[in-house]
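The values are calculated or read from the model by the stated rules, or taken from the named source; none is laboratory data. Nothing here was measured: the structure is a model prediction, and the numbers come from that model. Glycine gets a Cβ as well: all are built from the backbone with ideal geometry, and neighbour counts include every protein chain shown. Just so you know, the surface numbers come from the protein's heavy atoms only, side chains and all, with ligands and any DNA or RNA stripped out. Shrake-Rupley method; radii C 1.70, N 1.55, O 1.52, S 1.80 Å.
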2 protein chains.
Amino acid sequence: MRSRHAYRAACQPRRGRAVSGFGDTITALVSRRESQLVLGIDPDPGVLWPGAVRDEQAESGGGTPAEGAAAGVLAGCRALIDATAPACLAVKFQLACFERLQAPGWSALQTLVDHARAHGLLVIADGKRGDVPVSALAYAQALFDGVQTQAGFVHGLGADLATINPLIGGDAVAPFVAAARGRGSGVFALVRTSNPGASDVEDLLTADGRPLWERLARMVAETGAAGVGDSGLSDVGAVMGATAPALLMRARELMPHAVFLLPGVGAQGGKVEELAGAFAPLQGPARRASALVSASRSIADAYKATGSDPVSAARAEAERLRTAAWEASG
Amino acid sequence: MRSRHAYRAACQPRRGRAVSGFGDTITALVSRRESQLVLGIDPDPGVLWPGAVRDEQAESGGGTPAEGAAAGVLAGCRALIDATAPACLAVKFQLACFERLQAPGWSALQTLVDHARAHGLLVIADGKRGDVPVSALAYAQALFDGVQTQAGFVHGLGADLATINPLIGGDAVAPFVAAARGRGSGVFALVRTSNPGASDVEDLLTADGRPLWERLARMVAETGAAGVGDSGLSDVGAVMGATAPALLMRARELMPHAVFLLPGVGAQGGKVEELAGAFAPLQGPARRASALVSASRSIADAYKATGSDPVSAARAEAERLRTAAWEASG
């Protein structure tokens, strides 16, 4: 069951009026939860938490492999969210991992979105979508509010944030921003990702002698200008890989009002302690809310290194990351 | 029911041995069907063919709005495929339009993929996916073969081709190419799209004085070099908007072995007659197979202009486009 109105009300900023935009919502929420940690959920259906999924899988006996796998992923991810929610601000769902389980995967995703929301967590739909305007609008309907049909209104996934790919241009980004802004949500546009191959295109020098990603950063700043709230933060944010901290200070110059989503912490080599340059030159709560640290495998797989049970190990690693990020933003 | 082995056998090239790669498969298929036409399917669940969906929607009475809408989309798209299949080579499904109907949308998509295949059509999953390597692999599993799970093997969508976004870099493209190549399928990487905003990023001049899309074209050529078949065509193709025919000759210089997917014909303003420059400097069947013309709304909505029934109007428009493309490639 959705309870978006109640959820929004809980996130109202201190002045007591309605939330004006996502930048203000996230500032209030980071302050209240004292966390900038994003739990990345990208389940491998061949490797799930030992012991976490047995009951659910037994229940699904007789279903298709996709139904059985989706039930296992649902149980494993629910356990992971339950273990770490108190330390987190948000959950980021890697859509690819659910799509590969076909329709049952998409159903499991919807259940997990609602579960994360019940924990008071923001939901990030990490699909890195991008298409020509009419198709971008359809994606925005899928991930945010939904669409009117001849059979009635079909609700969307109900995400608070979606990652988008800006290669196709400003008119392809606009439908996502409009859909998000209209409901007090936000987007994160890819600017400089965390993979080694990011140098192939994103770092390509343009005619003005600057790398391409700086042009993408300017697009983020321009598109987000109309969505800057009282907090100083905008509803158009940027994905900046945590694996290249040297670029973060330059990115912050170009996007002073953007919330940064920083994936790549842990398994991909990024270190929270090196991310201080990612935070915006703002005061107090807005500064803390200006950069979100995302970790996936380092939390879910923490038990492999510690030898303790998965729940305790994930909780401990999430708390460690939460504290490290909070100190880096102080 | 899938019958991929029978399907592959039907596409064997003339020498009688197994298909070595997608370039040879498509060359044989274009020759056999005498068509380079791609039927674009991007259903608007608020506007479906009048009369085409009533029975299905009545059957779904009592379901959720998503189930009812998906049933309507399924019926409308099945009618559209049935009407136009003889004139077409392939069906291109815009994934966004199915995702916005959530899990029932994904189920409808799978049914339509199988339906298109039963007509002997190639299936293009148009999702423009792109992500860091581990997630790109998950997308490839979703769209192509599938994934092994603890509950058994979960089949993928079974597409023959997928559109991908290369912004994130070569290591993000590689998992798609490897998955496609391993099963005799292919990919289309975005190079220069059909929307007005394509000039924002894709046309940006790089330090060597050339537009960014030319760098993407070189990536396509380099990645596809190992996948060039006896036909001279590769399994790594390019999305080149049909709305900018002046760029097609330059694109062909840079990607002599790539199959071009040319969206934007009709509703977006592209004209088949202006696309002669898109075809590769190859002989006979391979030349004809080197560029595929994609049309969506101009086929599905043809009845609005002609006043005839939707089925007849769509069939006539598809035949007209098929003939025009065949002549342009002659």
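Give the A-B buried accessible area in Å², both sides summed, 1.4 Å probe, nearest 100. Can you show the working numbers first?
On the way: alone 13960 and 13950 Å², together 22400 Å².
Separately minus together, A and B give about 5500 Å² buried.
Apply 1/(1 + (r/R0)^6) to the Cβ-Cβ distance of B:THR64 and A:THR64, taking R0 = 25 Å, and write down the FRET efficiency to the nearest 0.05. List each step's numbers first, then the result.
Numbers: r = 20 Å, r/R0 = 0.81.
The computed FRET efficiency comes out at 0.80.
What percent do you get for the relative contact order of chain B when only Cα pairs under 8 Å and 6+ apart count? The partial results should precede the final answer.
Working: 662 pairs, mean separation 62.3, N = 330.
After rounding, I find 19 percent.
Per 10 Å bin, what percent of the C-alpha pairs of the range A:197-240 does each bin hold, from zero upward?
27, 42, 25, 6
Let me know the shape class of the range B:213-277, please: from the alpha-carbon gyration tensor, a ≥ b ≥ c as square roots of the eigenvalues, rounded when a/c is under 1.5, otherwise prolate if a/b is greater than b/c, or oblate.
Numbers: a/c = 2.30, a/b = 1.87, b/c = 1.23.
Prolate shape, in that a/c is at least 1.5 and a/b is the bigger ratio.
What are the radius of gyration and Dmax of the protein assembly as shown, computed over its Cα atoms and given in Å?
Gyration radius and largest Cα-Cα distance of the protein assembly as shown: 24.1, 77 Å.
At a temperature of 25 °C and a viscosity of 0.890 mPa s, determine how fast the range A:131-258 diffuses translationally according to Stokes-Einstein, using the Kirkwood radius over alpha-carbon pairs as Rh; express D in µm²/s, rounded to the nearest whole number.
On the way: Rh = 15.3 Å.
So the translational diffusion coefficient is about 160 µm²/s.
Would you mind computing the Rg to Rh ratio of chain B from its alpha-carbon coordinates, Kirkwood style for Rh? Numbers along the way, then the final one.
Details: Rg = 19.0 Å, Rh = 19.9 Å.
Using Cα coordinates only, the ratio equals 0.95.
Between beta-carbons, use under 13 Å as the cut-off and find the net charge around B:PRO256, counting Lys and Arg +1, Asp and Glu -1. Please report the intermediate quantities before stating the final value.
Working: positive: B:ARG218, B:ARG250, B:ARG252, B:ARG287; negative: B:GLU222, B:GLU253.
Computed value for this residue: +2.
Just to confirm, what accessible area per residue do you get for the range A:234-294 at 1.4 Å probe, in whole Å²? Before the final figure, lay out the partial values.
Working: 1990 Å² over 61 residues.
Result: 33 Å² of accessible area for each residue.
When the Kirkwood hydrodynamic radius is evaluated over all pairs of different C-alpha atoms of the range B:192-330, what value in angstrom, to one decimal, is obtained? List each step's numbers first, then the result.
Numbers: mean 1/r = 0.0634 Å⁻¹.
After inverting the pairwise mean of 1/r, the radius is 15.8 Å.
So how far apart, in nm, are the two label points at A:ASP208 and A:ASP114 if each is 7 Å from Cα heading toward Cβ?
Between A:ASP208 and A:ASP114, the simple spin-label model gives 4.8 nm.
Counting alpha carbon pairs within less than 8 Å and at least 6 residues apart, what relative contact order, in whole percent, applies to the range A:95-232? Numbers along the way, then the final one.
On the way: 176 pairs, mean separation 24.8, N = 138.
It rounds to 18 percent for the range A:95-232.
Where a Cα-Cα gap under 26 Å defines reach, which lysines qualify for A:LYS128, not counting those fewer than 8 residues away within the same chain?
Within reach: A:LYS92, A:LYS271, B:LYS92, B:LYS128.
Before rounding to the nearest 500, sum -39500 (n - 2.57) across all DSSP H runs of length at least 4 in chain A and divide by the residue total; then give [θ] at 222 nm in deg cm²/dmol. Numbers along the way, then the final one.
On the way: 15 runs with 149 residues, N = 330.
The per-residue figure over chain A is -13000 deg cm²/dmol.
Hey, rough spin-label estimate for B:ALA305 and B:GLU222, points 7 angstrom out along Cα→Cβ, what's it come to in nanometres?
4.2
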